Amino acid sequence: MNIHPEQIAAAENCIRPFFERDHSGHDWDHIQRVRRTALFLCRQEGHPNERAVELLALLHDVGDDKLYASNEEAQKALASVLSSLKLNASNEESLRQDIHCISFSGGHESKQLSKEAAIVRDADRLDAIGAIGIARAFTYGGLIGSKFYHEDISVRECMTKEAYRTEESTVINHFYEKLLKLKDLMVTDSGKKAAQLRHDYMQEFVTQFIKEWKGQA
Ligand code: ADP
Ligand code: NI
């Protein structure tokens, strides 16, 4: 897909006001970090189409149900930004598919992942781990009123949405439930390498956190 700089600027202008209002961990800074990390991975992978990767990084959270009041609103937002790009029908359809493949809470493990989608999905997952991932998890935990930690529920690996809404949820549990599993879901070689570094950092953080909690460090 041949993307022009004006299309990137159009996408940015269209979505920025929406993401600047977000407080759920998908704010404009998240979009910008994913954009930079995706471009970094793109270069590491030797993938030639940097602009397509950049555009997809900008759009990867647009139309994600959980960020909008309703599914209709989500679809409207996606349609509006796509129309501002003036793509032909087949390019628009492949961009839609790529965006759909990136949502990881939806668990869309598509077999036909394009290289651009693989890069951006890895970049999005990288933003949930490492130092940034730790910061995002504690911010989100504060938002939903989670405790930092509780001995009895620190190693539960699979929590229901309902459990998250009760005091059973802790931020440290979220590391076991999701964040420490993400490195094994990376698909690009450079994504795997970056994920390993972030994973080790995060694992060390959790180990130290629990030692401090128990008065052992
Ligand atoms: P996505 O699937 O796009 O990462 P989420 O809404 O699941 O979106 O997560 C947004 C951010 O909030 C991520 O960094 C994630 O790790 C964090 N997060 C999500 N759920 C929890 C939770 N229950 N406790 C702590 N952090 C969470
Ligand atoms: Ni994202």
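The values are calculated or read from the model by the stated rules, or taken from the named source; none is laboratory data. These figures come from a predicted structure and were not determined experimentally. We place every Cβ from the backbone using ideal geometry, glycine too, and count neighbours over all the protein chains shown. Accessible surface areas use protein heavy atoms only, side chains included; no ligands, DNA or RNA. Shrake-Rupley method; radii C 1.70, N 1.55, O 1.52, S 1.80 Å.
Taken as a whole, the structure places R36 among residues that are within 17 Å of G133 (Cβ to Cβ), more than 11 Å from ligand 2 (Cβ to nearest atom) and either charged (D, E, K, R) or in contact with a Cys (Cβ under 9 Å, 6 or more places away or on another chain) (or both). When the range 60-70 is filtered for residues that are part of a helix (DSSP H, G or I) and either open to solvent by 30 Å² or more (accessible area, probe 1.4 Å) or away from ligand 2 (no atom under 11 Å from the Cβ) (or both), the ones remaining, listed by number, are D65, K66. Residues that are over 21 Å from R198 (Cβ atoms) and either without any contact (Cβ under 8 Å) to a residue 40 or more places away in the chain or surrounded by 15 or more Cβ atoms within 10 Å (Cβ to Cβ) (or both) within the range 140-150 comprise G142, I144, G145, S146, K147, H150, listed in sequence order. In the range 25-42, the residues that are touching a residue at least 60 places away in the same chain (Cβ under 8 Å) form Cβ pairs under 7 Å with partners that are within 11 Å of ligand 2 (Cβ to nearest atom) and open to solvent by 20 Å² or more (accessible area, probe 1.4 Å), at six or more places apart or across chains, as follows: G25/R136. The listed residues are H26, H4, and the only one of them that is away from ligand 2 (no atom under 16 Å from the Cβ) and more than 17 Å from I119 (Cα to Cα) turns out to be H4. Within the range 175-193, the set of residues being away from ligand 2 (no atom under 16 Å from the Cβ) and under 17 Å from R136 (Cβ atoms) comprises F175, Y176, E177, L180, K181, K183.
Let's see how each residue does on (1) basic (K, R); (2) away from ligand 2 (no atom under 16 Å from the Cβ); (3) in a helix (DSSP H, G or I); (4) surrounded by 20 or more Cβ atoms within 10 Å (Cβ to Cβ):
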position: H47; (1), (2), (3), (4): no, yes, no, no
position: R51; (1), (2), (3), (4): yes, yes, yes, no
position: L58; (1), (2), (3), (4): no, no, yes, yes
position: E72; (1), (2), (3), (4): no, yes, yes, no
position: S80; (1), (2), (3), (4): no, yes, yes, no
position: D98; (1), (2), (3), (4): no, no, yes, yes
position: A117; (1), (2), (3), (4): no, no, yes, yes
position: R125; (1), (2), (3), (4): yes, no, yes, yes
position: F138; (1), (2), (3), (4): no, yes, yes, no
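Across the range 183-212, the qualifying residues are those that are under 17 Å from the mean Cα position of the chain (by Cα) and over 20 Å from E116 (Cβ atoms), and the one among them that is most open to solvent (accessible area, probe 1.4 Å) is D184.
Looking only at residues in the range 1-45 that are aromatic (F, W, Y) and open to solvent by 50 Å² or more (accessible area, probe 1.4 Å), which one is farthest from A57 (Cα to Cα)? Among them, the one singled out is F18. Does G63 satisfy the criteria of being at positive phi, away from ligand 1 (no atom under 16 Å from the Cβ) and not basic (K, R)? When the stated conditions are applied, G63 does not pass them.
Looking across the range 170-188, the residues that are of a type in the set (S, T, N, Q) and free of Cβ contacts under 8 Å to residues at least 40 places away in the same chain come down to T170, N173.
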